[in-house]
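Undergrad: Dropping the structure in here first, questions after.
The values are calculated or read from the model by the stated rules, or taken from the named source; none is laboratory data. It should be emphasised that the depicted structure is a prediction, and the values quoted were computed from it without experimental measurement. So basically every Cβ, Gly included, is an ideal-geometry build from the backbone, and we count neighbours across all protein chains shown.
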Amino acid sequence: MGKKTKVVVDTNVIVSAFGWHGKPEEILRLINKGEIENYTSIDLLHELRRVIAYPKFNFPETLQAEIVETIFSMSAIVDVTEKIHIITEDSSDNKILECAVSAAADYIITGDKHLIGLKNFRGIEVLSPEDFFNKL
């Protein structure tokens with residue numbers, strides 16, 4: 001058995017999976033089946049909890065709790081070993097890079113234009129959900 005693909009799924013992809021399904025939801029299914037491994041950090045879980053509470057998403061509190069619980073239970077939590085300050089336009093995007101570097105991830109899966117613009121960070125490919133599927 002080869003080593004599993006290690007990914008860090010960005011908050012925006014998780015929100016899309018629960019709100020609009022499509023490729024983001026398929027990615028969560030692959031993680032849930034154990035076909036790829038997702039890594040997250042405490043910072044990213046805090047960000048997820050904050051973002052899913054935004055009124056514009058209109059996620060009921062029970063769904064918000066389910067989203068956080070689902071991601072927590074199907075992800076490996078990494079200790080961030082290094083602070084990164086590459087993306088200045090939206091410094092919270094650096095949390096994704098910190099998690100990916102600490103996890104030695106293969107891919108970052110995101111819909112964020114600042115991150116996608118990097119294309120590659122220290123050997124970690126940065127892909128949209130669609131591009132990730134095209135890679136598989």
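Undergrad: Run down VAL78, VAL101, VAL126 and say which single residue is buried (at least 18 other Cβ atoms within 10 Å of the Cβ), out of contact with any helix residue (DSSP H, G or I) (no Cβ under 8 Å at 6 or more places or on another chain) and free of Cβ contacts under 8 Å to residues at least 60 places away in the same chain. Even if it seems obvious, please write down each step before you answer.
TA: Values: VAL78 fails: out of contact with any helix residue (DSSP H, G or I) (no Cβ under 8 Å at 6 or more places or on another chain); VAL126 fails: out of contact with any helix residue (DSSP H, G or I) (no Cβ under 8 Å at 6 or more places or on another chain).
Testing whether each residue is buried (at least 18 other Cβ atoms within 10 Å of the Cβ), out of contact with any helix residue (DSSP H, G or I) (no Cβ under 8 Å at 6 or more places or on another chain) and free of Cβ contacts under 8 Å to residues at least 60 places away in the same chain leaves just VAL101.
Undergrad: Consider ILE67 against the criteria (1) closer than 22 Å to PHE18 by Cβ; (2) under 12 Å from the mean Cα position of the chain (by Cα): it satisfies all of them except one. Which criterion is unmet?
TA: (2)
Undergrad: Something else now. Determine if the range 78-88 includes at least one residue that is at pLDDT 95 or above and within 12 Å of the chain's Cα centre (by Cα).
TA: Looking through the range 78-88, none of the residues is at pLDDT 95 or above and within 12 Å of the chain's Cα centre (by Cα).
Undergrad: For the range 72-136, which strands (runs of 3 or more DSSP E) that fit wholly inside it have 2 or more residues that are over 21 Å from GLU26 (Cβ atoms)? Full working, then the answer.
TA: On the way: elements: 75-77, 107-109, 124-127.
In the range 72-136, no matching strands (runs of 3 or more DSSP E) lie anywhere.
Undergrad: Only one of these conditions is not met by ASP43: (1) in contact with a Cys (Cβ under 9 Å, 6 or more places away or on another chain); (2) crowded, with 16+ Cβ neighbours inside 10 Å. Which number is it?
TA: Answer for ASP43: the failing condition is (2).
Undergrad: Could you tell me whether ASN94 is more than 15 Å from SER16 (Cβ to Cβ), touching a residue at least 24 places away in the same chain (Cβ under 8 Å) and within 15 Å of the chain's Cα centre (by Cα)?
TA: On the way: more than 15 Å from SER16 (Cβ to Cβ): yes; touching a residue at least 24 places away in the same chain (Cβ under 8 Å): no; within 15 Å of the chain's Cα centre (by Cα): yes.
No: the conditions fail for ASN94.
Undergrad: How many residues, within the range 49-75, are in contact (Cβ under 8 Å) with a residue 24 or more places away in the chain and not β-branched (Val, Ile, Thr)?
TA: To start, the set of residues in the range 49-75 that are in contact (Cβ under 8 Å) with a residue 24 or more places away in the chain comprises 51-52, 57, 59, 63, 67, 70-72, 74-75.
Applying the additional criterion that residues be not β-branched (Val, Ile, Thr) yields 57, 59, 63, 72, 74-75.
Residues meeting the conditions: 6.
Undergrad: Here's a follow-up. Would you check which residues across the range 107-123 are under 12 Å from ASP90 (Cβ atoms) and of a type in the set (Val, Ile, Thr) and list them? Step through it out loud before you land on a result.
TA: Of all residues in the range 107-123, those under 12 Å from ASP90 (Cβ atoms) come to 110, 112-115, 117.
Correct list: THR110 only.
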